[in-house]
1. Cα to Cα, under 16 Å, and not fewer than 8 places away if on the same chain: which lysines meet these conditions relative to K208?
2. Give me P(r) over region 240-379, computed from all C-alpha to C-alpha distances, binned every 10 Å, as integer percentages.
3. Show which lysines lie in cross-link reach of K113 when reach means a straight Cα distance below 17 angstrom and same-chain residues fewer than eight apart are skipped.
4. With no solvent and one equal point scatterer per Cα, compute the Debye intensity ratio I(q)/I(0) for region 75-203 at 0.11, 0.12, 0.19 Å⁻¹ and report its log10, rounded to two decimals.
5. Given the C-alpha atoms of the chain, compute the convex hull and give its volume per residue in Å³.
6. Write out the chymotrypsin sites (Phe, Trp or Tyr not before Pro) in region 1-92 meeting two conditions: DSSP loop, and at most 15 other Cβ atoms within 10 Å of their Cβ.
7. From the P(r) of region 329-373, could you give the percentage of C-alpha pairs in the tail past 12 Å?
8. How far apart, in nanometres, would the label points at R90 and K373 be if each is projected 7 angstrom from Cα along the Cα-to-Cβ direction?
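The values are calculated or read from the model by the stated rules, or taken from the named source; none is laboratory data. Because the structure is a prediction, the values reported are computed rather than measured. All Cβ positions, glycine included, derive from the backbone under ideal geometry; neighbour counts span all protein chains shown. These accessible areas exclude ligands, DNA and RNA; they are computed on the full protein's heavy atoms, side chains included. Shrake-Rupley method; radii C 1.70, N 1.55, O 1.52, S 1.80 Å.
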Amino acid sequence: MSMKMFIYADNAATTKLDIGAFEAMKPYLLSEYGNASQPYSFSRKSREALKESRKIIAECINALPEEIYFTSGGTESDNWAIKGMFFSNRNKGIITSEIEHHAVLHSAKAVEKIGCDMVYLKPTTEGIITAEELSGAITGRTGLVSIMTANNEIGTIQPIKKLSQLAHKIGAVFHTDAVQAVGHIGIDVKDLGVDMLSASAHKFNGPKGVGFLYIKKGTPIIPYIDGGAQESSLRAGTENVALIVGMAYALQKNCRCMDANINKVRELEADFIGLLGINGNKGIIRNGGNDTLPGIVSLSFGNGDGEAMLHRLDLRGICISTGSACNSGKSTVSHVLRAIGLDEEYAKGTIRISFGKDNTKEEVRYIANEINKIVIDRG
Ligand SMILES: *Cc1c(COP(=O)(O)O)cnc(C)c1O
């Protein structure tokens with residue numbers, strides 16, 4: 001009787017590959033398989049595609065093409081930024097925050113174990129890392145400050161411009177994990193004043209397993225992956241031309257349609273919040289404050305069970321996540337929710353819905369309806 005529904009509302013975990021990006025990749029997976037580093041004419045297409053992709057990506061974030069370094073994704077870019085800076089100067093300390101993605105946080109823990117002086121900044125209850133907080137921690141011995149552009153669990157957008165200015169005052173390098181932001185909100189590396197920025201293609205409708213690290217010219221970083229002379233001898237390994245072409249296509253498309261996408265997703269988000277009647281207070285909190293990424297809605301239910309809600313929605317054909325996809329399967333409370341000081345009870349009852357440009361009003365209504373049923377069933 002009932003039609004089998006499928007609604008994807010977990011766009012912060014990954015996004016659907018853009019069909020145009022897929023088509024753009026195909027020739028480089030099949031006929032144009034030449035190694036981009038080889039000098040013969042057969043490799044010219046690969047080489048040119050690489051060059052063109054670098055240029056497209058640079059334009060999208062207002063960087064120079066030679067400041068874009070291709071990597072295997074957000075995780076590698078973050079590892080490189082943290083470990084590469086530590087290994088380039090072991091006498092300097094690093095400041096990051098308690099709400100970073102594990103790619104940054106666990107890289108920080110790794111260098112801390114081998115002697116790096118690490119500081120983890122506390123966010124406000126809304127999830128903001130304030131300039132005051134950074135001011136209080138920064139010293140002449142700080143070599144790197146790494147603060148994410150926007151949080152993947154609760155969506156909070158950070159005051160990166162102010163934070164990077166503070167870092168530069170004492171001569172520290174500033175890195176930002178912009179994996180959730182790139183392709184979704186306007187990113188201008190010059191305006192933000194960042195020296196390094198991580199991005200990942202599969203978070204903006206590109207393929208999985210590819211990303212980039214923007215490194216401003218002159219930033220003192222050493223390679224993280226050693227080997228051949230690819231990527232100006234800073235990131236070795238035969239370039240995955242197909243994935244890189246797909247990434248450039250997807251980013252350019254998202255950047256060209258950005259205003260329309262933002263408007264659409266914001267509208268879906270507002271509809272969703274309205275349908276849930278959160279403001280009427282049914283023991284529901286929305287996390288992340290007022291300045292959040294379009295489409296990311298983190299909800300905490302008093303006495304709720306996020307895991308159980310995820311499974312119940314899954315039975316109804318809806319994909320959402322609990323606090324963070326990386327934390328699913330583990331019953332520990334997410335480090336982000338703990339850092340913003342959320343009650344244990346609410347933290348356990350947290351789900352994240354992340355809408356994307358392909359979601360519809362009908363889908364939003366269906367999800368809100370299913371969540372409302374769960375809330376009513378709980379009494
Ligand atoms: C997804 C994500 C990453 C990891 O990127 P991958 O390409 O999946 O390795 C890092 N940081 C943030 C904020 C993310 O959302």
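1. K16, K26
2. 11, 38, 33, 15, 3, 0
3. K83, K92
4. Per q value, in the given order, log10 I(q)/I(0) is -0.32, -0.38, -1.02.
5. Details: hull volume 52.1 nm³, N = 379.
It is 137 Å³ per residue.
6. Here the sparse-neighbourhood loop sites are F6, Y33, Y40.
7. Details: 691 of 990 pairs.
Everything past 12 Å amounts to 70 percent.
8. Each label point lies 7 Å from its Cα, and together they span 6.0 nm.
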